[in-house]
Amino acid sequence: MARTALIVSLAVTPLLFCACSVRLGGSKSLDKTLADLRTENQQLRDELAQTQGKLQELIAREASDTRVNQQMQGVTPIFTPEELALAMPRVVKVAFHSGAGLDLRDPASPRLVMDIETRDGRDRFVPAVGRLRVIATQNGNTLADVTLSPVELRDAYRSSIMGTRYAIEVPVSAEAVSAPIRLEASLLLATGETLTAERTVPAGR
């Protein structure tokens, strides 16, 4: 816990200095100054929320390490291995998100959306730990070849009214819109298992 406290202290200290660094310049109107203060205050709140989230992760990891050490020392575990195995969500399927396809909102600069979902045995989204590779081809030519490391995959996580997925998006040429595009995804899990998915994006969609 001492290590966790030190990390939090180092993370929060810059926020405190930032909060004290506001300068009231004589050339600024009062409304502009108040607007700047509100913006900076919101930024500080967002940074603090991120820091608190990271703290919770560190606490959870430390608690997990403590339980593992207790088990190694012969302490009776809280749950049986069977209970943990049944309750632990596992990724058994990878699929392209329903929104995957061509983004033609700007016809002059089309983009190819290759968002991915990872699902458990009950067909519900569950986070994955692994390396994801997505390839887009058209008439034998490679339009995109994207590989995300486990950390990059976690950073690609998105959840909104459009659903929960791992977001991958690349620009394509205007000519690429005129023919179908083949999408292929492969996810190498931490267990060594590889899951795959395919989709064909129709021309102009």
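Which is surrounded by fewer than 19 Cβ atoms within 10 Å (Cβ to Cβ), closer than 17 Å to Val91 by Cα, among the small types (Gly, Ala, Ser) and at pLDDT 90 or above, of Ala185, Ala197, Ala190?
Going through Ala185, Ala197, Ala190 in turn, the sole match is Ala197.
Tell me, please, whether a residue that is within 29 Å of Gln50 (Cβ to Cβ), open to solvent by 20 Å² or more (accessible area, probe 1.4 Å) and of a type in the set (A, V, I, L, M, F, W, C) can be found in the range 132-148.
yes
Quick one: would you say Thr118 is open to solvent by 20 Å² or more (accessible area, probe 1.4 Å), in a strand (DSSP E or B) and among the β-branched types (Val, Ile, Thr)?
no
Given the structure, is Val177 in a helix (DSSP H, G or I) and without any contact (Cβ under 8 Å) to a residue 24 or more places away in the chain?
No; evaluated as a whole, the condition is false for this residue.
Among Ser160, Ser109, which is the only one that is open to solvent by 50 Å² or more (accessible area, probe 1.4 Å), touching a helix residue (DSSP H, G or I) at 6+ places or on another chain (Cβ under 9 Å) and on the phi < 0 side of the Ramachandran plot?
Just a single option satisfies the conditions, and that option is Ser109.
Scan (1) open to solvent by 80 Å² or more (accessible area, probe 1.4 Å); (2) on the phi < 0 side of the Ramachandran plot for the single condition Asp103 breaks and write down its number.
If we test Asp103 against (1) open to solvent by 80 Å² or more (accessible area, probe 1.4 Å); (2) on the phi < 0 side of the Ramachandran plot, just (1) comes out false.
Take Asp123 and decide whether it is surrounded by fewer than 14 Cβ atoms within 10 Å (Cβ to Cβ) and closer than 20 Å to Arg199 by Cβ.
Considered against the rule, which asks whether it is surrounded by fewer than 14 Cβ atoms within 10 Å (Cβ to Cβ) and closer than 20 Å to Arg199 by Cβ, Asp123 comes out as yes.
Quick check on the range 78-96: of everything there that is open to solvent by less than 100 Å² (accessible area, probe 1.4 Å) and assigned to a loop (DSSP other than H, G, I, E, B), which residue is farthest from Ile116 (Cα to Cα)?
Going through the qualifying residues, I end up with Thr80.
Tell me the residue from Arg165, Arg199 that is touching an Asp or Glu at 6+ places or on another chain (Cβ under 6 Å), in contact (Cβ under 8 Å) with a residue 60 or more places away in the chain and closer than 20 Å to Asp123 by Cα, please.
Selected residue: Arg165, the only one of Arg165, Arg199 that is touching an Asp or Glu at 6+ places or on another chain (Cβ under 6 Å), in contact (Cβ under 8 Å) with a residue 60 or more places away in the chain and closer than 20 Å to Asp123 by Cα.
The values are calculated or read from the model by the stated rules, or taken from the named source; none is laboratory data. These numbers were taken from a predicted model, which means no experiment stands behind them. Note that each Cβ is placed from the backbone with ideal geometry, even for glycine, and that neighbours are counted across all protein chains shown. Note: accessible area is taken over every heavy atom of the protein model, side chains too, but ligands, DNA and RNA are not part of it. Shrake-Rupley method; radii C 1.70, N 1.55, O 1.52, S 1.80 Å.
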